[in-house]
Amino acid sequence: MFKQICFFSAGLTLALLVSACAIKQAPIAIDSDSVTPGTQVARQGEKLALTGTGLEVGQKLPDTSLVDAATMKAVNLNDYQGSILFLSIVPSIDTKVCEAQTHYLGEQGEKLPAAVNRITISRDTPFAQARFAREAKLTDIQYLSDYKEGAFGRSIGLLIDSSRLLARSVILVDRQGIVQYIQVVPDISHLPDMEKAFSKATALANFP
């Protein structure tokens, strides 16, 4: 009977057909808590140590080089003063949770003020980031890669010691280059609280 419903399309809209036939996936959990950079995160209960110097609110980002996926040029986030930086940091854009986080930043982030620069950072190669941007149609986000040595992740205490990937997190930097908000997701299989970060980014953009 279910098969008949799926293949009988006359008189049905595409939306109804999809809702009748598609398999629904469980929603991804959203974490509102945070751990301190340089300590540890978890992956479904497994503890993962973070290596490097822990970044704190009130500090500037360390001077490290990242590679822009669109231009293949080296960039330093401390050169972005005058703009609000919304840094969405993910382990790998080719995983389900990281993809969801990046889609959220790209699609829902359009409501952020123009002064907010939306940036995704991962240890994926710039070529993988550029491919993802094209395929996902999320080319209005800047993609920066820490693929060479993980120097950026290590400099802020977000490099996972075992996998050498970056811990899932969100960092907001104000116009003066000062870090104003950090969320390091305690379990990297969960999403950060993007709406809370959006609210704080909007407040920073509206602050004279």
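Observations on the model:
- Search result, residues across the range 86-100 that are among the polar types (S, T, N, Q) and surrounded by 24 or more Cβ atoms within 10 Å (Cβ to Cβ): Ser88
- So Phe152, is it under 13 Å from the mean Cα position of the chain (by Cα), over 17 Å from His190 (Cβ atoms) and either of a type in the set (A, V, I, L, M) or surrounded by 14 or more Cβ atoms within 10 Å (Cβ to Cβ) (or both): no
- Counted residues, the range 71-92 - those being within 16 Å of the chain's Cα centre (by Cα), of a type in the set (Val, Ile, Thr) and in a loop (DSSP other than H, G, I, E, B): 1
- Some residue of the range 69-84 being touching a helix residue (DSSP H, G or I) at 6+ places or on another chain (Cβ under 7 Å), surrounded by 13 or more Cβ atoms within 10 Å (Cβ to Cβ), within 24 Å of Pro192 (Cα to Cα) and among the aliphatic types (A, V, I, L, M): yes
- Output for the range 192-208, where each listed residue is assigned to a loop (DSSP other than H, G, I, E, B) and either under 20 Å from Gln108 (Cα atoms) or touching a strand residue (DSSP E or B) at 6+ places or on another chain (Cβ under 6 Å) (or both): Pro192, Asp193
- Subset of the range 166-191 that is surrounded by fewer than 23 Cβ atoms within 10 Å (Cβ to Cβ) and in a loop (DSSP other than H, G, I, E, B) - its residue that is farthest from the chain's Cα centre (by Cα): Gln176
- When Ala10, Ala42, Ala20, Ala49 are checked against the criterion of being at pLDDT below 75 and not in a loop (DSSP other than H, G, I, E, B), a single residue qualifies: Ala20.
- Cβ-Cβ under 8 Å pairs, at least 6 apart or on other chains, the range 192-208 side modelled with pLDDT under 95, far side of a type in the set (D, E, K, R): Phe207/Asp174
The values are calculated or read from the model by the stated rules, or taken from the named source; none is laboratory data. What you see is a predicted model, and the numbers here were worked out from it, not measured in a lab. Heads up, the Cβs are rebuilt from the backbone with ideal geometry, glycines too, and the neighbour counts pull from every protein chain shown.
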